[in-house]
Structures are given as structure tokens and as C-alpha cells.
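Trainee: Before I ask anything, let me first share the structure, which is written out below as C-alpha cells.
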Amino acid sequence: GCVLVVSVIEQLAQWHNSTVKAAMERLCNYIPGKYQIIRHMLCCIDKEMNADVVCHSLKLCKQDPGQPLCYLYPPPKREKHSPGLFYALAHAGQKCQTKSFTGFSSVCAFPLLANLCEKIKYVVRNKLPFEDFDGDKFSTFPTLRGYHWRGRDCNDKNTTVYPGRRPDNWDVKSDSNCNGIWGVDPKDGIPYEEKFCKGADSQGVVLLGDSAGAHFHIPPEWMTVTQMSAKSFANLPMAFTDELDWPQFSEITGFLNSTIGGWTDSLYLRLRRRNRCNHRDLQNISQNGGSSGNLLYLIKSLARNQLLDNPAIVIYATIGNDVCNGNRDTLAHMTTPKEMLSNVVQALRYLDSHLPNGSHVILTGLVDGRFLWDNLHDRYHPLGQLNRDVTYSQLYSFLDCLQVSPCSGWLTPNETLRNLTSERALQLSNVLKEIARSEKFANFDIFYMDFPLRQTAEEWHKMGGEPWQLIEPVDGFHPSQIAAALGTSITWQKALHEWPQVLGKENPFNDQIEAIFKDQGGH
């Protein structure tokens, strides 16, 4: 974090031909008030120090005994027999020694952010909306696991009113399932919900996933100084309180027009288009770092009542973290096929005891992450574009050195290790495939599909795109907004041709429902 912020300040100074102090003030003026912790941090930057030197000098970066010294930028040049970075650190230490940062162990130690951090810790721990007055697991607040993640509640003071339930007495008097359809048609006295939604195969969509499903994204404009302005950071508070995830634009549960590039297309939007009665019936139960192991805890935040609610399509998609970790001995920390079988079967048994009859589960295979190194390693990262000095290969090595790499097995120059990681991913995908073939459950049928990376790349190539555009530019690891939207189209076509029963039938009353909404000024 320190290296990132210092890099941006130094590049701002360079781009605007200003002092470092002026650049720091410029950045502080861009960032919303309570997030301006960098004012307290950067007191000894000078143009002769690179970001690695500054952050080690401030003691925000440290070198543990027996561990290598980690750096992102090429070390400062020094005489042949003297290591440049160690010399620079010693020199900088004299200047910064009274200004170290050891009093703050994390950003949450800052008084202005302490309250917000407590809220975020709550939602990270429980994966439930922070603002949920009736305790039905749905909210009228967007972030902090609110309606960006689950359908928006339409009455947060009544625990029996929430998205996805079967209508109470055909919603004659009020909208019990928040799909916007309630009341009685004055022409014939038939409730609208009964007229339009009875027998329409209404169903919700639920994602059990990881950071790819939650749609992790760090805006590149936060670190691209040539385009930086106050507008660049307008979405910082929202991003922070959504854990740097953007589920409202995601492949499975996206429902808002994308503001982060590309376009939004999602399984939820297509199901809603197919049957307008499905409005708001979505749940994105994903977390950064989600794997088949920790999903067993995460799944408990599912909101579905077997007796009162509609069936659901559940997408089980932990596409990487069972083989991805930041450990030096990464292979030893990967999920084994035996562990995968146990984890997934346990999750499916939990679903069988909570999903209404007539639901469907789709298991998604793991991705082949060799695509990342192959398409990014020699390209410049957003931090390196101004001076052409930081490639993705350097970023991956820096994160690996810090032991915080999102995937040591794939984000590495070691081709053998990349191949072994993909081999394990294929083994785990085969476990999922076999589960779908052989296991049977009382309340849902079960299907398997490969993660559609190859088809997505082919489709994007036909549209004139480049493979690297399918990867998030800042972290160099997650699927981009373009990849998410194209993936939806491919998944939908597969389901339409191979499992049409999963998608339900098209509701013939969709146009009438929309017309009534327009007449009433609704949306």
C-alpha cells in the first residue's frame, strides 16, 4: 500500500513538474476527506528516493530475519561492489528515522477510519448486510453487503417481506416479495401477481463464489497520473465499503450499468428479462479468497426458506483459490482432489437442506490461469506506464517476495510450476465433473460446466479485442468487466441448448408488466 501511494505521488510530481510536497497536496485534494490518511504518512519523500526506499525508511515495509528484501522498482544504481538498495536505505534512514510509522499497525488505527473499519470487519466476518433492521438478510442500503450483493428489500421493518419469497395471498394488499407486482386488476378483480406470475417458473439466482464472482476491481484511474483528477476517486468510499468488489456489475448477479468500463450482462438480468416476476431475486454470496474450504462457512449466509420461497439457480464457482495461495511452497498448500470432493459434497448437502424443491445447481470448473502470465508478463503495469519501469512480471515478483501473491503457482516465471498448478486445477475440475455425474439430491438437479475462458478469448478476438483486455489491469489476476459480460453470454447459450429446464420458460406477460409499471411511474 505504501509503495503504491508513494509511487503515485512521485509520478504526480513528475507529470505536473512540481515538488513532491505539492504533488502530495494535489493527491490529498483528490481523495474524499476521511480517507486522507496519507497526509500523516508521507513526510520524508524526496525525488532521489524511489517508493521502495521511502516505504522501508518509514518502517511501513520491513524485512523479517532470513527473508529477502522486497522491492518493486529496479534498485538505485551504486558502485559495483555495493548493493544500491541497501545503501539507499541506510542513507534514507538517517533522514526519516524520527518519522517512522510504527504507531499505526493498520489504516484502521486512524481515528477517522476506525468506525468504518468496524463496520467492514462485521460484514467480512458475517457476510450479512450491516444495515438490516428486520434481520431477514436483505437491506435497503447499497454497500456493506447490502443490495449491491442481494436483492433490495422493500420493507426493512417486516421480516416476512423480502426478495425471492412466494407471494403472500398473491400480494393483494402489499408487495411481499419485492418484485414490484402487487394489487388487484380493477377490470377483473384478479391479483396482478396471480395473473402474471402464477405458473411462470419464478426463480432466483444465487452465486457461491470467490473474488472473481464478487467482481474484484481496483480502478486503474486511481494510479494513472496522466488522467488523475478528483473525479477519479469519487467512487472510493463505495469501493471501500464493498471490499473493493463490484457485484452490482458482475457476471452472475450484475444489475446496474457498468461504470468501470465494458458493459453489464449477467445471468440475473437475463433471467429477469425472461420472466419479469424474477425482479430482485439475486444473492451474491462470494468473498475475496473464497475456496471450496471456506465456502462451507460462507454458505451459511444464504437466505432461502424451503417452505416459503421460490426455487433458485445456484452457481458454485470457486475458480482459482483451491490452487492459488501466496506461500513459498505453494503446491503443498493447494486443495487435494480428496479435500475438494469432501468440501463440495458437504456444501451440496447443506444446499439440499435449505433450497426449495425444483432448484438447480451448476458447478463451474477451475480456470486455466496460465493465460495470465502468457498475456501480461512483459506488458507495463499502470504504475509503470509513465516511465516504462514496472512490468507485470516485476509486480508478480514483488507480491511473491512479500508472500501476498494472489497466486504463486501461476504468477511466476517458472513454467514448470505454472504447468503443475494448471494440472492440479484440472484434477479438481474433474472432481466437480464426477460429482455432477454421480451425485443425486432431493431438492435440486446438478450440472457441470468448464470455466469458459477459451471461448471468451475467442469471442473477444472476433470482436477485435486483445487477450490482455480480459484481465483486470491493476491486479493482473481477475477477470475484467469485458470478460464477465462475455462469460455471461457463453454460459447462457450453453444452458439454453443443453439444460433449457434450468432457465424456466419465457413469461408471456412481460410486456404487460412493464407497461403497467410505466403507467404507474415505476421502474
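The values are calculated or read from the model by the stated rules, or taken from the named source; none is laboratory data. Note that this is a predicted model, so its numbers are computed, not measured. Glycine also receives a Cβ, built like all others from the backbone with ideal geometry; neighbour counts cover every protein chain displayed. The accessibility values were calculated without ligands, DNA or RNA, using every heavy atom of the protein model including side chains. Shrake-Rupley method; radii C 1.70, N 1.55, O 1.52, S 1.80 Å.
Trainee: Karplus couplings for region 280-296 from phi (6.51 cos²θ - 1.76 cosθ + 1.60, θ = phi - 60°), rounded to Hz, Gly and Pro as x?
Mentor: In residue order, the calculated couplings are 6, 8, 9, 9, 9, 9, 10, 8, 4, x, x, 9, 4, x, 7, 5, 5 Hz.
Trainee: Residues with amide H under 5 Å of D309's amide H, sequence separation 5 or more or different chain, H placed in the peptide plane at 1.01 Å from N; which?
Mentor: Excluding prolines and chain starts, which carry no amide H, the hits are R166.
Trainee: List the residues whose amide H sits under 5 Å from the amide H of V314, counting only those 5 or more places along or on another chain, with H placed 1.01 Å from N in the peptide plane.
Mentor: Hits under the 5 Å cutoff: V206, H360, V361, I362.
Trainee: Expected output is a single nm value to one decimal: the length gained when fully extending between D374 and Q427, i.e. 0.36 nm times separation in residues minus the C-alpha distance. What is it?
Mentor: Separation in residues times 0.36 nm, less the Cα-Cα distance, equals 16.9 nm.
Trainee: Given all pairs of different Cα atoms, what value in angstroms does the Kirkwood hydrodynamic radius of region 337-473 take?
Mentor: Roughly 17.4 Å, rounded to one decimal.
Trainee: Per-residue counts of other Cβ atoms within 10 Å, averaged by peptide: what ranking do you get for 385-392, 225-232, highest first?
Mentor: My ranking of the peptides, most packed first, is 385-392, 225-232.
Trainee: If you restrict to DSSP beta bridges whose two residues both lie in the chain, what percentage is antiparallel, to the nearest 5?
Mentor: The antiparallel fraction comes to roughly 20 percent.
Trainee: When the Cα centres of region 183-261 and region 410-471 are compared, how far apart do they sit, in Å?
Mentor: Taking the Cα centre of region 410-471 as reference, the centre of region 183-261 is 24 Å away.
Trainee: Once the other residues with Cβ under 13 Å from the Cβ of T491 are scored (Lys, Arg +1; Asp, Glu -1), what is the net sum?
Mentor: Local charge sum for T491: -3.
Trainee: Okay, next question. Tell me what the chain gives for mean residue ellipticity at 222 nm when only DSSP H runs of n ≥ 4 count, each as -39,500 (n - 2.57), the sum divided by the residue total, rounded to 500 deg cm²/dmol.
Mentor: -11000 deg cm²/dmol
Trainee: Now for a separate question. Near the amide H of T391, under 5 Å away, which other amide H atoms are found, from residues 5 or more places off or on another chain, if H is placed in the peptide plane?
Mentor: H381
Trainee: Report the label-to-label distance for Y122 and D445 in nanometres (one decimal), using points 7 Å from each Cα along the Cα→Cβ vector.
Mentor: Distance between the two pseudo-spin positions: 4.3 nm.
Trainee: How much net charge surrounds S393 when only the other residues with a Cβ under 14 Å from the Cβ of S393 are counted, with Lys and Arg +1 and Asp and Glu -1?
Mentor: So the environment of S393 carries a net charge of -2.
Trainee: Please determine, in degrees from 0 to 90 and to the nearest 10, the orientation of helix 481-498 with respect to the longest principal axis defined by the Cα atoms of the chain, where the helix direction is its Cα long axis.
Mentor: Rounded to the nearest ten degrees, it is 30.
Trainee: At a Förster radius of 56 Å, what calculated FRET efficiency corresponds to the Cβ-Cβ distance of C401 and R273, to the nearest 0.05?
Mentor: 0.75
Trainee: On a 1.4 Å probe surface of the protein chains, which of E194, E243 comes out largest in accessible area, and what is the full order?
Mentor: Solvent-accessible surface, decreasing: E194, E243.
Trainee: Just need the relative contact order of the chain here, percent rounded to a whole number, with Cα pairs under 8 Å and 6+ apart.
Mentor: RCO, the chain: 14 percent.
Trainee: Which ³J(HN,Hα) values in Hz, rounded to whole numbers, follow from the phi angles of region 12-20 under the Karplus curve 6.51 cos²θ - 1.76 cosθ + 1.60, where θ = phi - 60° and Gly and Pro get x?
Mentor: Running phi through 6.51 cos²θ - 1.76 cosθ + 1.60 with θ = phi - 60° gives 4, 4, 5, 5, 9, 6, 10, 6, 5 Hz.
Trainee: Shifting gears a bit: Once the other residues with Cβ under 9 Å from the Cβ of I285 are scored (Lys, Arg +1; Asp, Glu -1), what is the net sum?
Mentor: Around I285, the charge tally is +2.
Trainee: Which of the peptides 479-487, 300-308, 161-169 is most tightly packed, and how do the rest follow, judged by the mean count of other Cβ atoms within 10 Å per residue?
Mentor: Per-residue mean Cβ counts within 10 Å order the peptides as 479-487, 161-169, 300-308.
Trainee: If one computes the Cα centroid of region 305-330 and of region 365-393, what distance in Å separates the two points?
Mentor: Centre-to-centre (Cα) distance: 26 Å.
Trainee: Based on the alpha-carbon set only, what is the convex hull volume of the chain divided per residue, in Å³?
Mentor: 163
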